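What follows is a single structure, written as structure tokens, with notes after it.
The values are calculated or read from the model by the stated rules, or taken from the named source; none is laboratory data. Remember, it's a predicted structure, so these values are computed and weren't measured experimentally. Virtual Cβ from ideal backbone geometry, glycine too; neighbours counted across all protein chains shown.
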Protein chains: 2
Amino acid sequence: MESTARSPARICRGCWDQMHVPIPIRGPLALPFRAFGITRSKMNPNICTICERSFRYVKKQQHISAAATILFADIRGFTHLSERMDPLILSEIVSAFQDRCAQAVWDHDGIVNKQMGDGLMAIFNFPIKIRHHVDAAIAAALDIQRSCTSALRSLDLHADGLALDALGVGIGVHTGQVEIGEFSTFRSDFTAIGSAVNLAARLESQAAAGEILVSAEAAAQAPNLMAGTQTRTYRLKGIEQPVVAQVLFKG
Amino acid sequence: MESTARSPARICRGCWDQMHVPIPIRGPLALPFRAFGITRSKMNPNICTICERSFRYVKKQQHISAAATILFADIRGFTHLSERMDPLILSEIVSAFQDRCAQAVWDHDGIVNKQMGDGLMAIFNFPIKIRHHVDAAIAAALDIQRSCTSALRSLDLHADGLALDALGVGIGVHTGQVEIGEFSTFRSDFTAIGSAVNLAARLESQAAAGEILVSAEAAAQAPNLMAGTQTRTYRLKGIEQPVVAQVLFKG
């Protein structure tokens with residue numbers, strides 16, 4: 001496994017990996033850049049806002065095709081909870097979830113590309129290059145399950161008469177070629193699209209609380225992490241062939 | 001109906017409506033602000049990056065409860081298409097969709113709060129106040145259906161042997177109290193959470209290509225727009241009571 005508990009980067013790891021250009025993001029050399037609005041990205045604090053918002057400058061194209069691993073995670077039963085729960089507690093749960101997930105993704109050099117309420121999408125292998133990006137994504141998924149389980153249990157939810165068991169995280173992981181770039185003329189932050197992204201999202205939607213569903217393609221690239229996992233076959237909306245996935249974590 | 005084809009605002013309409021502070025966003029007075037990184041927001045070009053990223057400064061709290069109308073839209077059958085279609089054409093479709101949707105939302109003073117691949121979430125009544133925010137959201141939904149239908153038809157997709165009828169947009173609209181604010185310690189852009197948001201998302205997931213599903217609560221507040229619509233009842237995942245919705249547009 002690569003890159004857990006790495007020390008904070010002094011230059012942007014995305015700009016370095018993509019262009020071999022050193023952009024200071026920490027320390028005194030970062031100050032003049034900050035004055036021009038170049039700061040650490042919200043997607044990952046080891047990359048900068050150039051990678052985040054200037055994809056066309058970084059890659060000299062509007063989008064590229066790249067191998068990447070995609071992770072989707074969300075809180076299971078959130079709709080049910082949101083109908084019954086005090087909005088303040090709900091927002092505490094969402095914050096705890098988003099912060100823990102981000103830390104886990106960053107610890108393995110991924111980026112939090114999208115946050116949507118009680119869910120998120122992470123990309124591994126862009127802009128920071130990761131040799132074993134499937135391993136990195138699965139390691140992040142395991143960290144998410146561990147840290148969210150403890151965080152959610154530590155919240156005092158009994159006051160609302162809700163079963164704690166109802167709360168948990170579902171995760172889907174898939175790897176493949178995706179299109180990365182800007183897909184809107186008015187937004188400048190990049191994202192990834194393509195069938196591999198959609199499959200990861202669909203797997204996540206099938207994952208029960210505490211489960212990580214890893215596609216067969218991803219599992220084949222991370223055999224060390226797959227010992228003793230259970231295999232399941234899904235028929236997913238919009239996908240003709242049955243999809244085989246491994247269930248990695250049952251919290 | 002309010003605010004179609006309004007001229008571009010010279011001061012940020014969000015900062016004005018929320019704080020009565022005039023922040024120039026166009027014209028010569030905007031220049032010094034731009035030097036400090038205060039520019040037009042990507043969520044809506046009539047608001048500024050202060051509204052977008054400094055919620056706590058604008059509202060003096062981490063989040064607020066507010067009445068708002070939420071619109072979700074996405075491309076129906078996108079997973080199916082993404083399995084068969086050239087990634088370049090796929091990205092053209094996504095760009096055309098996102099740009100048309102944004103224009104429709106902005107024309108009615110809403111904001112594009114989230115974009116996720118082939119989908120988006122829009123908020124009406126924050127930060128720009130809209131007296132009839134349900135009307136505004138439904139008018140935007142109608143515009144989205146009209147402009148996306150023509151845009152998608154104009155793309156030359158026959159080359160891939162795909163039926164054009166497969167392409168269309170599904171939309172869900174609901175109104176209610178939502179929590180608006182920052183729900184992550186590392187992201188600074190605000191969003192909305194709560195059961196009303198989830199219900200809008202669930203309605204969208206039920207909408208077929210060309211349909212706008214409007215919740216009964218939203219429909220009751222926009223009777224003028226609801227003439228001749230069809231009523232349907234749904235059982236939605238995570239929601240105990242059956243949900244009644246009106247089908248507004250069948251393209």
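For the stretch B:189-204, filtered to residues that are among the small types (Gly, Ala, Ser) and more than 7 Å from chain A (Cβ to nearest Cβ), the residue that is nearest to A:Lys42 (Cα to Cα) is B:Ala192. Do we find a residue being of a type in the set (Ser, Thr, Tyr), surrounded by fewer than 16 Cβ atoms within 10 Å (Cβ to Cβ) and over 26 Å from A:Ser65 (Cβ atoms) anywhere in the stretch A:220-230? There is no residue in the stretch A:220-230 that is of a type in the set (Ser, Thr, Tyr), surrounded by fewer than 16 Cβ atoms within 10 Å (Cβ to Cβ) and over 26 Å from A:Ser65 (Cβ atoms).
Just so you know, in the stretch B:109-124 the residues that are over 11 Å from the mean Cα position of the chain (by Cα) and buried (at least 22 other Cβ atoms within 10 Å of the Cβ) include one that is farthest from the other protein chains (Cβ to nearest Cβ), and it is B:Asp118. Without any contact (Cβ under 8 Å) to a residue 40 or more places away in the chain, within 11 Å of chain A (Cβ to nearest Cβ) and β-branched (Val, Ile, Thr) - does that describe any residue in the stretch B:238-245? The answer is no; no qualifying residue exists. Applying the criterion of being of a type outside the set (S, T, N, Q) and assigned to a helix (DSSP H, G or I) to the residues of the stretch A:195-208, the residue that is surrounded by the fewest Cβ atoms within 10 Å (Cβ to Cβ) is A:Ala201.
Considering only residues in the stretch A:231-251 that are surrounded by fewer than 13 Cβ atoms within 10 Å (Cβ to Cβ) and closer than 22 Å to A:Asp143 by Cα, the one that is farthest from the chain's Cα centre (by Cα) turns out to be A:Thr231. Restricting attention to the stretch A:23-77 and to residues that are among the aromatic types (Phe, Trp, Tyr) and buried (at least 16 other Cβ atoms within 10 Å of the Cβ), the residue that is nearest to the other protein chains (Cβ to nearest Cβ) turns out to be A:Phe72. Only residues that are closer than 22 Å to B:Phe78 by Cα and not in a helix (DSSP H, G or I) were counted across the stretch A:209-232, and they come to 3. Within the stretch B:205-214, not a single residue is of a type in the set (Asp, Glu) and in contact (Cβ under 8 Å) with a residue 60 or more places away in the chain.
Can we say A:Ile171 is more than 9 Å from chain B (Cβ to nearest Cβ), within 14 Å of B:Asp118 (Cα to Cα) and not in a helix (DSSP H, G or I)?
Numbers: more than 9 Å from chain B (Cβ to nearest Cβ): yes; within 14 Å of B:Asp118 (Cα to Cα): no; not in a helix (DSSP H, G or I): yes.
It is false that A:Ile171 is more than 9 Å from chain B (Cβ to nearest Cβ), within 14 Å of B:Asp118 (Cα to Cα) and not in a helix (DSSP H, G or I).
Is it the case, given these coordinates, that A:Val214 is in contact with a Leu (Cβ under 7 Å, 6 or more places away or on another chain), modelled with pLDDT of 90 or more and not small (Gly, Ala, Ser)? Yes, satisfied. Within the stretch A:174-188, count every residue that is more than 9 Å from chain B (Cβ to nearest Cβ) and more than 13 Å from the chain's Cα centre (by Cα). Here the count works out to 2.
As for the stretch B:69-86, it holds at least one residue that is acidic (Asp, Glu), within 26 Å of B:Ser215 (Cα to Cα) and in contact with a strand residue (DSSP E or B) (Cβ under 8 Å, 6 or more places away or on another chain). Would you be able to say whether some residue in the stretch A:23-35 is of a type in the set (A, V, I, L, M), at pLDDT below 90 and outside the structural domain of A:Ala219 (by TED's automatic domain parsing)? There is at least one residue in the stretch A:23-35 that is of a type in the set (A, V, I, L, M), at pLDDT below 90 and outside the structural domain of A:Ala219 (by TED's automatic domain parsing). Scanning the stretch B:94-108 for residues that are buried (at least 23 other Cβ atoms within 10 Å of the Cβ) and touching a helix residue (DSSP H, G or I) at 6+ places or on another chain (Cβ under 7 Å) turns up B:Phe97, B:Cys101, B:Ala104, B:Val105, B:His108.
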